[in-house]
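Since the structure comes first, as structure tokens, the remarks are kept for the end.
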Amino acid sequence: MVKSVPRPSRLAPSTDLPPPTVRPSPVSVAAPSPARWWMQFRRAVFAVDGTVVVVAAAVFWAFGYRHGVSGSGALAHVPVALVAPALILAAAAGTQAWDASVLGHGTTEYHRVGRAGALAAVLLGLAGLAFGSLSVRPWVFGAIPVTTVLLVLGRWLVRRPLHAARRSGRCSRSTLAVGDPRAVRDLVLRTRRDPYSGWVVTGACTPSGTGTGGEADVDGVPVLGDIDDLGAVVRSRGFEVVSVSSGSGLTGARLRRLAWDLEEAGADLIVDPGLMEIAGPRLHVRPVDGFPLLALSRPKLGGVRQVVKTSMDVLGALALLVLVAPVLLLIAVLIRSDGGPVFFRQRRVGLGGTEFQMIKFRSMVPAAEDRLVELAASDTGAGPLFKMRSDPRVTRVGRILRRYSLDELPQLFNVLSGSMSLVGPRPPLPAEVATYGPEAARKFLVKPGMTGLWQVSGRSDLSWEESVRLDLRYVENWSLTGDLVILWKTLHAVLGSHGAY
């Protein structure tokens, strides 16, 4: 009889190696909340979605759509008020709108909810055509679109307590960063800037077992060992996520063994493919003879989506101009009373590298650009951008305009003329473009925007490198859903005057 023996851990450290160096953490990180907290959040999402769908169907039924599907056929005895909600919920399951990987963060969740609503409307419309029923029309063109919007709003509301908990360190997963010190530091800074991701880096393993200069930590996160210590570190510290960067030095075979080992430990393995700014929809797995390869599709910047974006720009700019016309007139009077022209015009670079004249309300004294040389010593910006928190050239009215971004409202005329978009990369100066490399020049594949990722991520508080990186991320991952989310976040950023000076 063959005696059964326990299978040794695939990544157990060699007996010739010293035990992993476990150092006390110099930072205090709140312990991750139990899995029960996350389960409660998922149940809340299910409950809100179900309530929205049922209540919306009941309201439309009460307003006159209570006769069901008329005509003959198999659907004649089934009320549309029951079929439509069932279709929406089934479509949400089909588009994986409840997948745990998208709940609570990112625009992918909203995108899948929108796809579910569109799929439900199409299916109900096809059923109405097949059975000759016209009573489905108010549901296809009214009830389902309104319900979809309410579902997105409900998802946003459910996120609020989750985000509040993650800001305070709860409901976050302890993460082990694996890679060279630079990659570890990049991940640490990203997770600190974005606590909503639910990751808190509490330890690291580097090829040398130390930081950049032999330190015991990387940006306050303790280095717990080298690559050979991975298995022991994960088991002893109970990490929930292990993030491996492309510079970790792990071969494919070792990475596969690490994945097996983490299965036993109950931890998730996250691998950075080295394409940090490329989002999931553009990444595809293509097998060749059973070997999986990562395929990167081209960014989709044209076609029907571009037509929709242009239409949204024109209609949105017109609507905003009508709404803020009294504000524009008041601002013009205030600026004019201070002396000098109302508008400030400046050459910027837009789509395809062509220059255009951008319009803003004047917020500085006349001939302010002539004083740049005398203020050069006070420049706090990095790269070619000039930044100064207390710029003496800014007028009293201009400080108020800049704080709430009111000086940028005339750019709506640039949107109407087609030189700008409501959402896009920041329009750079020609002097900035002269310093660009081939990578930064990719931002000219789309129109510059009145707002963008740079606007909702810190504005003037961002370094020049971070601003360029965010612009490139927008170009690489552009989507209509992303534009709508940025417009929504812009309202919060402007009202809170974050990073504006």
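Every listed requirement among (1) at pLDDT below 85; (2) among the hydroxyl-bearing types (Ser, Thr, Tyr); (3) outside any loop (DSSP other than H, G, I, E, B) is met by Tyr474 save one, (1). If you go through the range 311-343 and keep only what is touching a residue at least 40 places away in the same chain (Cβ under 8 Å) and within 18 Å of Thr481 (Cβ to Cβ), you end up with Met312, Asp313, Gly316.
If you check Val304, Val271, Val218 for being open to solvent by less than 40 Å² (accessible area, probe 1.4 Å) and either modelled with pLDDT of 70 or more or touching a Cys at 6+ places or on another chain (Cβ under 7 Å) (or both), only one passes: Val218. The lone criterion from (1) open to solvent by 80 Å² or more (accessible area, probe 1.4 Å); (2) part of a helix (DSSP H, G or I); (3) among the hydrophobic types (A, V, I, L, M, F, W, C); (4) at pLDDT below 75 left unmet by Met1 is number (2). If you go through the range 392-408 and keep only what is touching a Phe, Trp or Tyr at 6+ places or on another chain (Cβ under 9 Å) and within 21 Å of Asp471 (Cα to Cα), you end up with just Glu408.
The lone criterion from (1) open to solvent by 70 Å² or more (accessible area, probe 1.4 Å); (2) closer than 24 Å to Arg473 by Cβ; (3) at pLDDT below 80 left unmet by Glu374 is number (2). Val223 meets the stated requirement of being buried (at least 20 other Cβ atoms within 10 Å of the Cβ) and assigned to a strand (DSSP E or B). Checking every residue in the range 199-214 against the condition of being under 19 Å from the mean Cα position of the chain (by Cα) and surrounded by 19 or more Cβ atoms within 10 Å (Cβ to Cβ) gives at least one match. Pairs are defined by a Cβ separation below 6 Å, a sequence spacing of at least 6 or placement on different chains, a first member in the range 44-62 that is farther than 15 Å from Ala93 by Cα, and a second member that is of a type in the set (Ser, Thr, Tyr); the pairs so defined are Ala56/Thr147. Here is the figure for the range 235-248: residues that are over 26 Å from the mean Cα position of the chain (by Cα) and either modelled with pLDDT of 85 or more or open to solvent by 60 Å² or more (accessible area, probe 1.4 Å) (or both) total 3.
Counting only residues that are open to solvent by 40 Å² or more (accessible area, probe 1.4 Å) and assigned to a helix (DSSP H, G or I), the range 394-432 holds 11 of them. Every condition in (1) in a helix (DSSP H, G or I); (2) closer than 30 Å to Gln40 by Cβ is met by Thr202 except one, and the failing one is (1).
The values are calculated or read from the model by the stated rules, or taken from the named source; none is laboratory data. The shown structure was predicted, so the numbers you read here are calculated from the model rather than taken from an experiment. All Cβ positions, glycine included, derive from the backbone under ideal geometry; neighbour counts span all protein chains shown. For accessibility, only protein heavy atoms count, side chains too; no ligands or nucleic acids. Shrake-Rupley method; radii C 1.70, N 1.55, O 1.52, S 1.80 Å.
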